[in-house]
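The values are calculated or read from the model by the stated rules, or taken from the named source; none is laboratory data. Quantities reported herein were computed from a predicted structural model and do not represent experimental measurements. Virtual Cβ from ideal backbone geometry, glycine too; neighbours counted across all protein chains shown.
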Amino acid sequence: QQDSQELLHYLLDAVRTEETKRIQASILKAFNNPTTKTADDETRKKVKAYGKEGVKMNFIDRIFIGELTSTVMCEECANISTVKDPFIDISLPIIEERVSKPLLWGRMNKYRSLRETDHDRYSGNVTIENIHQPRAAKKHSSSKDKR
């Protein structure tokens, strides 16, 4: 997981750097200067100011950057402190839940006739609690019966 996170950070940083260079080049072009070295001091200041605004609005930051707000309250004085931390990604644990096997409708149709009401009317409610037993339980119970 750490390798994939490092790769993501590396790629996002590279794209952000390219975006910053592109923004700076377009600002310089607007002032009719090919590079910052050929610009005078006032133009450099303007390019820097416009560049800061442009970098804030780059698409990498708009998509990936978030802000985590942590709020802590002191139990003694009830003072509340709030801290905001920027992040690119947050590592969250993935808890694997065991999902029971789905009951196939084809199998359920076998048992439908057992649960239908009189005169072949079906109410739409089927109770499947004890109809389907796991195979391991059947094998185990049958092996006990054989002894």
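For the stretch 78-91, the count of residues that are among the acidic types (Asp, Glu), modelled with pLDDT of 80 or more and not in a loop (DSSP other than H, G, I, E, B) is nonzero. Across the stretch 4-23, a minimum of one residue is classified as at pLDDT 80 or above, assigned to a helix (DSSP H, G or I) and of a type in the set (Phe, Trp, Tyr). Quick check, is Asp41 at pLDDT below 85 and under 32 Å from the mean Cα position of the chain (by Cα)? Judged against the criteria, Asp41 is not a match. Does at least one position in the stretch 53-70 carry a residue that is touching a Ser or Thr at 6+ places or on another chain (Cβ under 6 Å), part of a strand (DSSP E or B) and not aliphatic (A, V, I, L, M)? No; the residues of the stretch 53-70 include none that is touching a Ser or Thr at 6+ places or on another chain (Cβ under 6 Å), part of a strand (DSSP E or B) and not aliphatic (A, V, I, L, M).
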